[in-house]
Amino acid sequence: MKEFSTESKITVQTEGNSAYDILLRDSFADLPSALRELGCGSRRICIVTDSNVSARYLSEIKALLAESCSSLEVFEFEAGEQNKTLETVQQLYETLILGGFDRKDCLLALGGGVVGDLTGYAAATYLRGIRFVQVPTTLLAQIDSSIGGKTGVDFLQYKNMVGAFHQPALVYINVSVLSTLPSRQFANGMGELLKYGISLDADFYEWTLEHMEEIEERKNIVLSAMVTRCCQLKKEIVQRDPNEKGERALLNFGHTIGHAIEKLKNFTLLHGECVSLGIVAAAYISWQRGMIKDDEFYEIRDMNVGFGLPISFDGLSSPDVISATKKDKKMDAGKIRFILLKKLGQAYIETDVTDREMLDAVNYLNAGA
Ligand code: GLY
C-alpha cells in the first residue's frame, strides 16, 4: 500500500504568477513570524472569529500576535451557518471602517469554514480587495475550504450564493487543534475528506480505509499525513483551474444532492454529513451505471458508518430533494453538473443524469421512502 507523509509547506501558484503558502504545523508558534514575512507586522490586523473558536483560541492568538503586530482588532460573531450572511459582513465592514483599515491591512480568519468563507468575502470586497490569512481550526476548513480562494456567504438559505474568488495570502494550519475537535465536527470534516480519495486518488482512499482506527484515535502523525495529502490534491486542482471553469468542479463530488439535503434540513445536518450522503448518492448512480463494482459501492457506503457519518436521512420527501438539487448553483445551461465515478479514484463531470436516476439514489438514502 502507498504511504503518505507530512509536508511542512505547500506552495500554491495562483493566476498572474503570485503564490501563497500552506504551512502545516503542530502549534500556532510560527504564526507571528509567518505574518511578519508577509509584511503584516507593521500593518493593522483584524482577527475574525466566532463565539466557539474565540473561547478556545482567541487569547492564545492575541498574545502571540501582540508581540509582532502593531495594531490588532477583533471581530467576533455568533457561531453557526445561520450567521454566514451579508448582515454579518456588513458588521465586519463597519469594524474595519471605524478601525481605519486601509488596503494594505489584513484580515485573519480564525475558525472553520463559516469564518473563513465570510472573512474571505469581506476581504474580497472591502476597498475592492485586501489581504487575508486563513487559520483554519476545523478538519473541514483545513482540508478544503481554506484553500483555493472560494469565499462567500449564504443568501435566502442558498448556500454560498453570493461570493467571489479571492486567494488568501497564507494558510496556516495547526494540525494539533484537531485533537480537541468535538466528534461531530471531526466527522463533519471526514465527510468532506472522503471525497478526495474516492473521486481523485484511489491510493489515498485505500490508505484512509487502512488507517481508519488511527484517524479515529486522532493520532497526530496520521492526521498530519492525511491533511497534507488533501492539501496537495486540492493545490493541484486549484492551480490548474482556479475559477472552476472545468476540473475544479470535481471537488463538488457529493455536493449536488448534499447541498439540497443541507438546505431542506435547514442546516440541522452539518455540511460534511450532507456531503457524505451526497457521496453515497453519486456512488449509487455510478454503481447502477456499472462503473463501480458492488463491493466498491458498499465499501463507500460503509465507510460513512466507520467515520461516524450518516447513510440515510429522514423527514424529507425525495421529490423535494430533487427539485432543490435543480435549484442549486451547480447547473450548466439548465442541466445539473453531476460528478460521477468513472472508477474508484477517478471522477468526471456528467450532465445527463436523469431525474429517475437521481430519484432512485435519493430514495436509497431516504429512510422514509
Ligand atoms: N470546496 C470545493 C472547492 O473549493 O472548489
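The values are calculated or read from the model by the stated rules, or taken from the named source; none is laboratory data. Predicted model, so just to flag it, every value in this text is computed and none were measured. Ideal geometry is used to build each Cβ from the backbone, glycine not excepted, and the neighbour counts take in all protein chains shown.
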Item to complete: From L277, L341, grab the single residue that is in contact with a Gly (Cβ under 7 Å, 6 or more places away or on another chain) and aliphatic (A, V, I, L, M).
Response: L277
Worksheet item: Quick check: anything in region 127-137 basic (K, R) and within 14 Å of the ligand (Cβ to nearest atom)?
Response: no
Discussion item. Being near the ligand (Cβ under 9 Å from one of its atoms) and either touching a Lys or Arg at 6+ places or on another chain (Cβ under 7 Å) or outside any helix (DSSP H, G or I) (or both) is the filter here; which residues of region 138-150 pass it?
Written reply: D144, I147, G148, G149, K150
Worksheet entry | In region 276-313, the residues that are outside any helix (DSSP H, G or I), of a type outside the set (S, T, N, Q) and surrounded by fewer than 19 Cβ atoms within 10 Å (Cβ to Cβ) | R289, G290, M291, K293, G308, I311
Response to the item:
By residue number, the members of region 134-152 that are crowded, with 24+ Cβ neighbours inside 10 Å and more than 21 Å from T6 (Cβ to Cβ) are K150, T151
Worksheet, complete the sentence: Going through (1) out of contact with any His (no Cβ under 8 Å at 6 or more places or on another chain); (2) within 15 Å of the ligand (Cβ to nearest atom); (3) aliphatic (A, V, I, L, M) one by one, L107 fails only at (2)
Response to the item:
Of the conditions (1) in contact with a strand residue (DSSP E or B) (Cβ under 7 Å, 6 or more places away or on another chain); (2) assigned to a helix (DSSP H, G or I); (3) surrounded by fewer than 20 Cβ atoms within 10 Å (Cβ to Cβ), the single one that E60 does not satisfy is (1)
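Before we move on, is G41 surrounded by fewer than 20 Cβ atoms within 10 Å (Cβ to Cβ) and on the phi > 0 side of the Ramachandran plot?
Details: surrounded by fewer than 20 Cβ atoms within 10 Å (Cβ to Cβ): yes; on the phi > 0 side of the Ramachandran plot: no.
Against the criterion (surrounded by fewer than 20 Cβ atoms within 10 Å (Cβ to Cβ) and on the phi > 0 side of the Ramachandran plot), G41 does not qualify.
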Practice prompt. Could you grab the pairs with beta carbons closer than 7 Å, sequence gap of 6+ or different chains, first residue in region 101-119 and under 15 Å from V171 (Cα atoms), second one assigned to a strand (DSSP E or B) and among the polar types (S, T, N, Q)?
Written response: A109/Q134; L110/T49; G111/T49; V115/T49; G116/Q134; D117/T151; D117/N160
Worksheet entry | Qualifying residues in region 243-266 (those that are surrounded by fewer than 22 Cβ atoms within 10 Å (Cβ to Cβ) and in a helix (DSSP H, G or I)) - the one farthest from the ligand (Cβ to nearest atom) | L264
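Quick one: in region 224-242, of everything that is more than 10 Å from the ligand (Cβ to nearest atom) and in contact with a strand residue (DSSP E or B) (Cβ under 7 Å, 6 or more places away or on another chain), which residue is farthest from V135 (Cα to Cα)? Before you say what the answer is, go through the steps one by one.
Filtering region 224-242 for residues more than 10 Å from the ligand (Cβ to nearest atom) gives 224-233, 235-236, 239-240.
From the residues that got through so far, the ones that are in contact with a strand residue (DSSP E or B) (Cβ under 7 Å, 6 or more places away or on another chain) too are 224, 227-228, 231-232, 235, 239.
Numbers: S224: 16, V227: 14, T228: 15, C231: 14, Q232: 17, K235: 17, Q239: 20 Å.
Per the stated criteria, the residue is Q239.
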Discussion item. Condition first: modelled with pLDDT of 95 or more, under 20 Å from the mean Cα position of the chain (by Cα) and surrounded by fewer than 18 Cβ atoms within 10 Å (Cβ to Cβ). Can you find one or more residues in region 46-55 that meet it?
Written reply: yes
Fill in: Close pairs (7 angstrom Cβ cut-off, 6 or more residues apart or separate chains): among the small types (G, A, S) in region 226-250, more than 10 Å from the ligand (Cβ to nearest atom) anywhere
A249/R337; A249/I339; A249/I349
Discussion item. Looking at region 166-204 only, could you name the residues that are more than 15 Å from the chain's Cα centre (by Cα), in a helix (DSSP H, G or I), surrounded by fewer than 22 Cβ atoms within 10 Å (Cβ to Cβ) and of a type outside the set (A, V, I, L, M, F, W, C)?
Written reply: S176, S179, T180, S183, R184, D203
